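Here is the structure we will look at.
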Amino acid sequence: MSCINEHSYLTLCNLLCDQIALSLPPDKVYLAEARLQNLAKQHTHGDINALIEKASTVADDALRTELVEAMAINETYFFRDPILSQSFLDTMVPSLLEKRRRDKTLRIWSAACSTGQEAYSVAMLLDQHFPQLKDWEVTLVASDFSQSALNKAQQGCYGLNEMNRGLPARNMALYFEQQGLDWQVKPAIRERISFQKINLVREWPDNLPVFDIVLLRNVLLYFSMEDRQRVLGRVRKHTANDGYLLLGSTESLEKSAGFVPAIPGSHRPFYQPA
Amino acid sequence: MATTQALVIDDSRAMRLILGDLLQQLGYETTEAGDGQQAITLLEGDDTIPTLALVDWNMPVMNGLEFIRAVRQKHCYSDMKLLVVTSEAEVGQMVEALTAGADEYLMKPFSSEALACKLEMMGLQRAERA
């Protein structure tokens, strides 16, 4: 395996920061080498430095996209952290059912959905626990910057290891069908989700609505403080005044972020606009 | 704090060793049985009821499904959590196991993380295991 030199690593860090606001720490050279190895074999005879150089200089968006996607963190699994189910079941949806009872609309955004497990977890939660929503207009948008992650999410097809992580057996039996060795989310659930390509640090679609619940989980921790503030400011504009923002279980927001804890004094990572 | 007990039921000695090792890393003290009948005999001969049993599906003498049905008929074992750990990956079998009284279902092969994840889902928090 070729080793990444200092110049190429800096170029890679700048590229990732520019494209997806990912702040790659200086001690992750080994990670970059492992993740870019295959791509370098395909494009530059295994030379990772040449790959980085080519992706950062040529007018080849496809290669740049491939490189950025190879470096992206796609860690996700079904029902990640109990806070997801708890906040939906105990607080957010019961409260919104009351507040939106006239309009009967509910809009949810999984803003960095990766390969889709979070969005499908939400769809399953709503289906199982809130049958009254069948009469409502429920919009569930799931977005990611990575087209390859979105393709997998849209297909809703998962292998054994992904199925074993976090998904209750009951849900597996109810909402999935076997496709050879893989399992696919049944169309009735898949069709409830609208997948869109959105890069949080680039332009957002003009028609992106205001949401009642925004899931922005385990994303902000990879951003610089400046990008974090910028993204949070835009998320605030797309969160209803009485809506909710849910972060990852170990994340929290500073006071200036425009959101306050949904339950005062609680350390749970879900918030409401200030 | 008393160590939490787990019973590993699998006809493969290698699998019992692997599962036992993983559970010990998670704070459990384990006992083993090679089939459902042996497991029943172990349970009946001991005053301590394990918190958890990991149950294989295909075993001689008494298979996993028969074991689950037998255990769920006895009130004294109603708190024992049952996790089916099997290479059987048919939806029908999964439903059969859950209907019989299994709490969760883990398909082989699996990672240690997947096992830990399932235990969390079954309400077996780390604090209880420590």
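Here, each number is a calculation from the coordinates, and none is a lab measurement. Worth saying up front: this structure is predicted, and the values here are computed from it rather than measured. In this analysis, Cβ positions are derived from the backbone assuming ideal geometry, glycine residues included, and neighbour counts consider all displayed protein chains.
Of B:MET94, B:MET121, the sequence from fewest to most neighbouring Cβ atoms within 10 angstrom is B:MET121, B:MET94. Under 5 Å between amide hydrogens, built in the peptide plane, is the criterion, and for A:GLY46 it picks out A:LYS41 among residues at least 5 positions away or on other chains. Computed over the protein assembly as shown, the per-residue total of -39500 (n - 2.57) for DSSP H runs of n ≥ 4 gives a 222 nm mean residue ellipticity of -12000 deg cm²/dmol, rounded to 500. Counted by neighbouring Cβ atoms within 10 Å, the residues A:HIS45, B:HIS75, A:HIS129 run from fewest to most as B:HIS75, A:HIS45, A:HIS129.
Loop-located GluC sites (Glu not before Pro) across region A:1-66 with a Cβ neighbour count of 16 or fewer within 10 Å are lacking, with loop assigned by DSSP.
Take the Cα radius of gyration of region A:6-71 and divide it by 2.2 N^0.38 Å, N being the number of residues; the result is 0.97.
The per residue volume of the convex hull around the alpha-carbon atoms of the protein assembly as shown is 177 Å³. Could you work out how far helix A:117-129 tilts from the main Cα principal axis of chain A, as a 0 to 90 degree angle to the nearest 10? Approximately 10 degrees, to the nearest 10. For region A:131-192, the set of GluC sites (Glu not before Pro) satisfying both a DSSP loop assignment and a count of at most 15 other C-beta atoms within 10 Å is given as A:GLU191.
The mean sequence separation of alpha-carbon pairs under 8 Å and at least six residues apart, normalised by the residue count of region B:4-129, gives a relative contact order of 23 percent. Projecting the Cα atoms of A:LEU36, B:GLN25, A:SER95 onto the dipole axis of the protein assembly as shown, where Lys and Arg carry +1 and Asp and Glu carry -1 at the beta carbon, places A:SER95 farthest toward the positive end. Amide H contacts of A:LEU140: A:ILE108, A:SER194, each under 5 Å away and 5 or more positions distant or on a separate chain (H built 1.01 Å from N in the peptide plane; Pro and chain starts excluded). Ranking A:VAL260, A:GLY248, A:VAL201 by Cα position along the charge dipole of region A:196-266, where only Lys, Arg, Asp and Glu carry charges on their C-beta atoms, puts A:VAL201 farthest toward the positive end.
DSSP beta bridges in chain A, what fraction antiparallel, as a percent rounded to 5? In chain A, approximately 40 percent of DSSP beta bridges are antiparallel ones.
In degrees, nearest 10, range 0 to 90: what is the angle between the Cα axis of helix A:61-71 and the longest Cα principal axis of chain A? Approximately 70 degrees, to the nearest ten.
Neighbours of A:LEU253, meaning other residues whose beta-carbon lies under 13 angstrom from its beta-carbon, give a summed charge of +3 when Lys and Arg score +1 and Asp and Glu score -1. Evaluating 6.51 cos²θ - 1.76 cosθ + 1.60 at θ = phi - 60° for every residue in region A:164-181, the Karplus couplings come out as 6, 8, x, 8, x, 4, 4, 5, 4, 5, 7, 10, 10, 10, 6, 10, x, 8 Hz, glycine and proline recorded as x.
Inter-chain neighbour count for B:110-117: the average number of beta-carbon atoms from partner chains within 10 Å of each residue's beta-carbon is 4. Here the contact order of region A:78-177, divided by its residue count and restricted to Cα pairs under 8 Å and six or more residues apart, works out to 35 percent. Note on region B:4-129: Kirkwood radius taken over Cα pairs, Stokes-Einstein applied at 25 °C and 0.890 mPa s, translational D equal to 172 µm² s⁻¹. By the equivalent-ellipsoid construction on the alpha carbon gyration tensor, region B:49-121 comes out with semi-axes of 18, 15, 11 Å, ordered largest to smallest. Across peptide A:166-177, the mean count of Cβ atoms from other chains lying within 10 Å of each residue's own Cβ comes to 5.
Within the listed set A:ARG228, A:ARG102, A:ARG217, the Gaussian network model of chain A (springs between alpha-carbon atoms below 10 Å) gives the highest mean-square fluctuation for A:ARG102. Separation of region A:193-243 from region B:1-35 is 45 Å, based on Cα centroids.
Per residue of B:84-95, other chain Cβ atoms within 10 Å of the residue Cβ number 2 on average.
Backbone phi angles across region A:204-216, fed through the Karplus curve with coefficients 6.51, -1.76 and 1.60 (θ = phi - 60°), yield HN-Hα couplings of 9, x, 4, 8, 5, x, 8, 10, 7, 9, 10, 9, 10 Hz in residue order; Gly and Pro are listed as x.
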